[in-house]
Amino acid sequence: MKGAVHKRTTCRACKNTKLTKVLSLGPTPLANAFLTKEMLDKEEMFYPLDVYFCQNCHFLQLGHVVRPEILFKNYVYVSSTSPVFVEHFHDFAHDLIQRFDLDQKSLVVDIGSNDGILLKPLKEHNLRTLGIEPAQNIAARANKDGIKTIAKFFTTALARSIGKAYGQASVVTANNVFAHIDNLDEVIEGTKILLKKNGVFVVEAPYLVDFLTKNYFDLVYHEHLSYLSVKPLQTLFHRFDMEIFDVQKVPVHGGSIRVFVKGKGAAYKQTARLSHFLKLEKRMRLDRVETYFTYADKVRINKTKLIALLTKLKHQGKSIAGYGAPAKGNTLLNYFGIGTDYINYIIDDSPYKQGLYSPGKHIPVVASAMLAKQKPDYLLLLAWNFAKPIMEKLQDYQHQGGKFIVPVPRPKTV
Ligand SMILES: [Zn+2]
């Protein structure tokens with residue numbers, strides 16, 4: 001498909017050309033592009049998956065950008081199906097109302113609003129809310145639930161028309177979407193157009209520090225264009241005369257940050273928490289390219305060790321199945337080169353994935369009934385960050401002699 005992917009020559013945050021490739025995961029299919037049986041005979045699309053470090057502003061980012069229309073066309077993720085997220089955004093809404101004195105006159109605009117998970121609790125407090133959600137199916141669901149949602153990508157033009165129709169916003173939020181956007185300039189420009197003089201832009205996204213310390217290398221896939229830390233974000237917002245004045249750590253997505261940004265004229269003071277994060281990032285040497293080379297080495301060692309373990313088990317005649325088919329699992333399977341030569345099938349509870357085949361490696365995804373039927377000797381946990389609750393859930397399997405393989409950060413059997 002022509003024009004499906006483009007390579008960046010400049011840093012997404014500072015526009016400098018001093019980009020250094022630090023981790024290459026090779027040509028990889030889209031992590032959510034599970035295939036039907038009929039699709040197995042057709043050509044599958046692979047795109048480069050390489051992580052670059054900007055030597056100028058230290059922003060960590062993918063070098064190749066797949067067209068968002070391709071990436072988010074069939075976006076099925078619906079936030080409100082997870083009670084943990086519902087509670088998280090409920091608390092977030094209450095914090096916003098209290099901290100920024102929001103009332104019935106206040107407008108909150110959420111970019112990438114999904115099914116309205118943050119806007120629902122705000123609307124319950126009679127605030128004026130507006131969602132922006134480019135996935136048509138999800139936007140339609142939000143509108144049906146009474147959360148006014150525009151089914152478009154957020155642009156400066158859209159910001160202007162919203163400003164005309166609704167007035168200016170007290171708060172603009174972007175949760176788990178900022179790292180998915182290639183043209184951040186457009187989003188920040190648009191936000192500036194929308195915000196009142198004393199308005200606040202709040203960005204919530206997975207934190208680079210957790211990515212590094214917890215070895216979340218498998219969170220590298222084409223949707224995740226940027227790996228965010230506070231210092232490079234400061235540089236980015238400065239280009240637009242905006243300023244980060246507070247940062248909070250939040251526990252979702254394995255460790256995220258909530259970043260509060262204001263326009264030049266707004267009255268908010270910089271908090272001590274902000275300097276705490278800047279010091280932490282300095283201490284962790286996030287501004288040094290060597291940090292990322294060392295990390296890439298760790299990932300490669302992880303790969304070698306896991307393949308050695310799986311090969312040994314296969315030689316012993318053991319059967320191995322995958323457990324869980326999250327998007328990140330496909331980064332691991334494709335980069336580590338694990339296909340049906342090692343694992344026969346992947347068990348997943350989602351009816352949307354059962355009957356399909358994993359992108360790239362074409363491993364069949366089956367329902368959990370297969371576990372009792374086939375009794376594989378080992379289960380390779382692909383959602384390894386949830387290893388503990390998964391193993392608790394599968395106690396029966398374990399009692400009958402089944403074993404688990406936790407693949408990351410050091411492969412081990414349990
Ligand atoms: Zn840069």
- Quick one: which of 300, 273 is farther than 24 Å from residue 22 by Cβ and in a helix (DSSP H, G or I)? 273
- Query: Quick one: in segment 16-35, which of the residues that are part of a loop (DSSP other than H, G, I, E, B), within 12 Å of the ligand (Cβ to nearest atom) and touching a residue at least 24 places away in the same chain (Cβ under 8 Å) is most open to solvent (accessible area, probe 1.4 Å)?
  - Reply: 18
- Within segment 129-146, which residues are open to solvent by 10 Å² or more (accessible area, probe 1.4 Å) and not basic (Lys, Arg)? 129, 133, 134, 136, 137, 140, 143, 145, 146
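Being within 17 Å of residue 266 (Cβ to Cβ) and in contact with a Gly (Cβ under 8 Å, 6 or more places away or on another chain) narrows it down to one of 200, 172, so name that one.
Going through 200, 172 in turn, the sole match is 172.
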- Does residue 372 qualify as being out of contact with any His (no Cβ under 6 Å at 6 or more places or on another chain), in a helix (DSSP H, G or I) and under 13 Å from residue 324 (Cα atoms)? no
- Among the residues of segment 218-251 satisfying the criterion of being open to solvent by less than 10 Å² (accessible area, probe 1.4 Å) and part of a helix (DSSP H, G or I), which is nearest to residue 47 (Cα to Cα)? 218
- Hits in segment 130-153 (condition: under 24 Å from the mean Cα position of the chain (by Cα) and outside any loop (DSSP other than H, G, I, E, B)): 130, 131, 132, 136, 137, 138, 139, 140, 141, 142, 149, 150
- Task: Looking at (1) within 18 Å of residue 215 (Cβ to Cβ); (2) open to solvent by less than 20 Å² (accessible area, probe 1.4 Å); (3) touching a Phe, Trp or Tyr at 6+ places or on another chain (Cβ under 9 Å), find the lone condition where residue 338 falls short.
- Result: (3)
- Query: With respect to residue 353, is the statement that it is at pLDDT below 95 and buried (at least 20 other Cβ atoms within 10 Å of the Cβ) true?
  - Reply: yes
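The values are calculated or read from the model by the stated rules, or taken from the named source; none is laboratory data. None of these values were measured; they are calculated from a predicted model. Here the Cβ is made from the backbone with ideal geometry for all residues, glycine too, and neighbour counts use every protein chain on show. Side chains are part of the model used for accessible areas, which takes the heavy atoms of the whole protein and leaves out ligands, DNA and RNA. Shrake-Rupley method; radii C 1.70, N 1.55, O 1.52, S 1.80 Å.
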